[in-house]
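Contents: one structure, followed by commentary.
Please treat every number below as a calculation from the coordinates, not as lab data. Quick caveat, the model's predicted, so the values are computed rather than measured. All Cβ positions, even for glycine, are placed from backbone atoms using ideal geometry, and neighbour counts span all protein chains on display.
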2 protein chains.
Amino acid sequence: MNLLLISNSTMAGEEYLSWPRLFILDFVRENKIKSIAFIPYAGISLSKNGLNESYDIYTNKVKTVMEQLGVTVTSVHNTGTPADIIENSDCIMVGGGNTFFLTHMLYNTGLMEVIRKTVIEGKPYIGWSAGSNMACPTLKTTNDMPIVEPQSFNCLNLIPFQINPHYLDANPDGHGGETRQQRIEEFLIANPSVKVVGLREGSLLHISDDKIELKGSKKLRLFQFEELPMEFNPGENLDFLLK
Amino acid sequence: MNLLLISNSTMAGEEYLSWPRLFILDFVRENKIKSIAFIPYAGISLSKNGLNESYDIYTNKVKTVMEQLGVTVTSVHNTGTPADIIENSDCIMVGGGNTFFLTHMLYNTGLMEVIRKTVIEGKPYIGWSAGSNMACPTLKTTNDMPIVEPQSFNCLNLIPFQINPHYLDANPDGHGGETRQQRIEEFLIANPSVKVVGLREGSLLHISDDKIELKGSKKLRLFQFEELPMEFNPGENLDFLLK
């Protein structure tokens with residue numbers, strides 16, 4: 001397996017997919033990727049004229065970036081058979097947005113099983129935000145609003161731990177809601193055997209078979225039931241997460 | 001019906017259930033409430049020694065406050081039959097915490113239907129945070145992490161609109177995740193016929209039959225599909241929300 005799991009597409013105020021671009025380029029070169037099948041289903045709010053136009057706009061944003069890296073992009077949402085587009089592309093790319101809507105659509109289109117099988121057989125996978133959530137056993141550590149009820153909370157289950165993307169250390173001043181850490185600790189009470197990686201904005205995980213590397217500018221925060229959270233720097237060995 | 005739907009139990013840095021206490025006291029007096037059946041199921045992280053102890057601690061926190069207001073509190077979680085405790089109390093109180101866990105437990109215990117029926121027949125209902133979410137048609141506008149998969153996203157359906165409790169205007173500085181408004185706008189794309197009330201911390205809705213009042217120190221923000229968000233002050237007529 002070969003996965004690039006990115007916390008967030010874009011840092012506040014920067015150009016779209018700016019900070020992870022060089023990491024994506026490395027991944028594209030290593031894996032000789034010329035063509036990408038894009039899954040836009042999480043991006044439902046880019047147009048006021050319906051989902052199809054929203055997905056068109058989303059695809060074009062991603063295409064603009066990826067073509068600069070020498071890669072063609074075909075979305076699964078409007079032409080041809082999604083499973084064929086995936087089969088005929090060198091890589092699957094799952095964009096961020098609403099994780100519940102993405103999950104709902106992957107079940108409705110039958111792509112949940114197609115993507116899982118294809119990635120396990122070796123096709124590279126790039127995801128960010130909801131697209132990183134999707135690689136986990138379930139969607140249970142998403143930050144997103146549950147705007148639709150998906151067929152199941154089970155996701156692609158490509159890795160044996162959960163990612164919390166956009167991991168955030170504090171609440172805005174004066175806000176009394178739960179912190180992210182409190183939310184993850186609640187997850188662990190309900191799911192004590194599962195590890196959770198808090199992936200801060202500006203960082204990503206590169207997973208190839210039994211190797212896992214943290215890349216970017218931030219530490220990762222690891223949560224396990226009844227243990228204190230632990231911080232890991234880029235470069236530290238994290239392969240135990242895959243066992 | 002007689003509902004007190006509170007955004008949040010406690011403002012950051014204040015004593016537990018401090019800001020809404022006088023509003024709760026008014027509600028208790030108006031409805032001649034002497035006894036409360038407390039639903040603690042959302043509060044799963046108050047103890048490291050398991051759910052039962054967490055619920056005990058939660059119940060005691062609420063009891064301490066409510067006894068000062070002359071009201072006895074019996075939790076449904078550890079003694080007697082939950083449905084009997086509800087039947088023998090003057091009011092149902094649903095505490096905050098994790099909305100998904102609360103929903104999961106209300107289905108598992110059969111209380112979802114019992115509470116709905118009892119409140120429609122006239123028993124007063126007080127909820128905050130997850131307890132306010134629970135009064136809505138579904139849990140789809142909660143802010144909580146989906147740590148368990150409940151039997152259904154459908155909730156008590158006591159009111160015809162959705163509440164987003166702990167409504168927050170901005171992200172922390174420099175954070176690139178979706179704002180609360182963007183999340184609610186995504187909800188509206190997936191659920192265009194449903195209104196959403198953003199209920200800021202420090203405010204509550206008092207609903208009696210066909211009357212609805214906003215109380216507290218903040219405006220409410222109303223979201224409807226394809227309309228600009230609208231702000232309402234305490235005292236403004238909001239009865240259209242119940243139609």
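Are any residues in the range B:207-217 part of a strand (DSSP E or B), out of contact with any Gly (no Cβ under 8 Å at 6 or more places or on another chain) and farther than 15 Å from residue B:22 by Cβ, and if so, which ones? Once the filter is applied, which keeps residues that are part of a strand (DSSP E or B), out of contact with any Gly (no Cβ under 8 Å at 6 or more places or on another chain) and farther than 15 Å from residue B:22 by Cβ, the range B:207-217 yields B:207, B:208, B:211, B:212.
In the range A:22-40, is there at least one residue being of a type outside the set (Asp, Glu) and under 30 Å from residue B:152 (Cβ atoms)? Scanning the range A:22-40, I find at least one residue that is of a type outside the set (Asp, Glu) and under 30 Å from residue B:152 (Cβ atoms), so the answer is yes. Within the range B:8-22, being within 11 Å of chain A (Cβ to nearest Cβ), surrounded by 21 or more Cβ atoms within 10 Å (Cβ to Cβ), out of contact with any His (no Cβ under 6 Å at 6 or more places or on another chain) and of a type outside the set (A, V, I, L, M, F, W, C) holds for one residue alone: B:9.
Let's see how each residue does on (1) within 14 Å of chain A (Cβ to nearest Cβ); (2) β-branched (Val, Ile, Thr); (3) crowded, with 24+ Cβ neighbours inside 10 Å:
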position	(1), (2), (3)
B:24	no, yes, no
B:43	yes, no, yes
B:56	no, no, no
B:66	no, no, yes
B:110	no, no, no
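Residues in the range B:204-225 that are on the phi > 0 side of the Ramachandran plot and touching a Leu at 6+ places or on another chain (Cβ under 8 Å): B:216 alone. Got a sec? Which strands (runs of 3 or more DSSP E) wholly within the range A:1-88 have at least 3 residues that are of a type in the set (Val, Ile, Thr)? Of the strands (runs of 3 or more DSSP E) lying wholly inside the range A:1-88, those with at least 3 residues that are of a type in the set (Val, Ile, Thr) span A:72-75.
Of the strands (runs of 3 or more DSSP E) that lie entirely inside the range B:117-206, those containing 2 or more residues that are within 11 Å of chain A (Cβ to nearest Cβ) span B:162-167, B:196-200.
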